[in-house]
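Input: a single structure, listed below in C-alpha cells.
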Amino acid sequence: MKTIETRFTLYAVGLAISTIVERLITANIIDREESPIYFHVLSAIILIFLFILTTAGIKQLVENRHITRWIHRKNYIGGRWIEIVVDNNNQFHHYNILDIDHGAYSISLVGTTFDEQLNYKYKFASLHATLEPGDVLSYTYIQRDFADSAIIEMGMLQFFSHSTSKIPTEYFGSYRNITREKEEEGVVFTKQEVFNLRAFKLEEDEAKRLKNVDFDTLHDDAVKAIEHMSARAKKKLSKKRVKKNQMSKVELECIMEKYKELVCVNDKK
C-alpha cells in the first residue's frame, strides 16, 4: 500500500504543478478578458496535456527500483533471491531462483525451480502475498507449467538482516507442495511434502548478470539439442539468445554452490 499511497501523493503534486504551469502559459498566450471562451478552452487543453505528461513521468518514477526501495526502506524485500531447498531430513532437494516485486497494490513472487544439476523443472508464481508485521511474508502459489492439474499451495517466509538498520538480505521458511502420483477409477492420489528453505539475496553484480540468463537453455535436453545443430544453426541461435554479460551455466553452478555450502554444510555429492 505504501507504493500506491506515494503514487497518489505524487499525482496530487503533479496536478498542482501542471495547473501552475498551465496558468503561466495561458496567461502569456491570450487575454482572458478579450476572449474568455477561447481562454478556458485553451486552458483545459493545455492542462490535460501537461497532466498526461506529468502522470507518465510519475509512473516511471514510482516504478523505479531505487524509488521503491526508498519508499519501503527497511521493509524492502524486492529483488532476485537464491533459495536452497531441503527436505524433512535436511538433505538438499532443489534450487529456486525467486524474483520478488513490490507492485502498486501487492507483492508478487515469480520463481524458477532447478534440480541439483541445474536442469530446469518448472516455474511458479504467487496468487496472493502479504507482508505481515515482523517481516513475515505469507503467500499462496501455483506451478505455471502444470495449470491443468495444479493445486494451490502455500508458504511462509521470515526475512531478516544481520544489521537492524539495513534491508533484509536473507530469509528462511517453508512451503507445502502436493504432487499428483496416480489416478485410479477417477480417484486422484496425491503426495504431500513440506520443504524447508533458506534464501540469500543476490549481490548486485550477480543479479544483473543472472537477469540475462535464458533458463530454458540451461536444461540438459536443450544443451544436447544445441550441440547437435549445424554450425550455421548454432550461429543463428547465438545471435538470438546470447546477450552481453550473459552468465554461463558454469558460472551459475558456482554461485549456487556458494550459497548451498552456507546451508547444507554436511551435504556431499
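Quick note: the coordinates plus some simple rules give every number you see, no bench work behind them. Values in this document were obtained by computation on a predicted structure and should not be read as measured data. Backbone-built Cβ (ideal geometry, glycine too); neighbour counts: all protein chains shown.
Brief remarks follow.
- Listing Lys260, Lys182 from fewest to most neighbouring C-beta atoms within 10 Å gives Lys182, Lys260.
- Distance violations [Cα-Cα > 29 Å] among Lys182/Lys249; Lys74/Lys208; Lys74/Lys258; Lys123/Lys182: Lys182/Lys249
- Cleavage-rule hits (GluC sites (Glu not before Pro)) in the stretch 19-116: DSSP loop, at most 16 neighbouring Cβ within 10 angstrom: Glu33, Glu34, Glu63, Glu116
- Length gained on full extension, His40 to Tyr122: 23.7 nm, using 0.36 nm per residue less the C-alpha separation.
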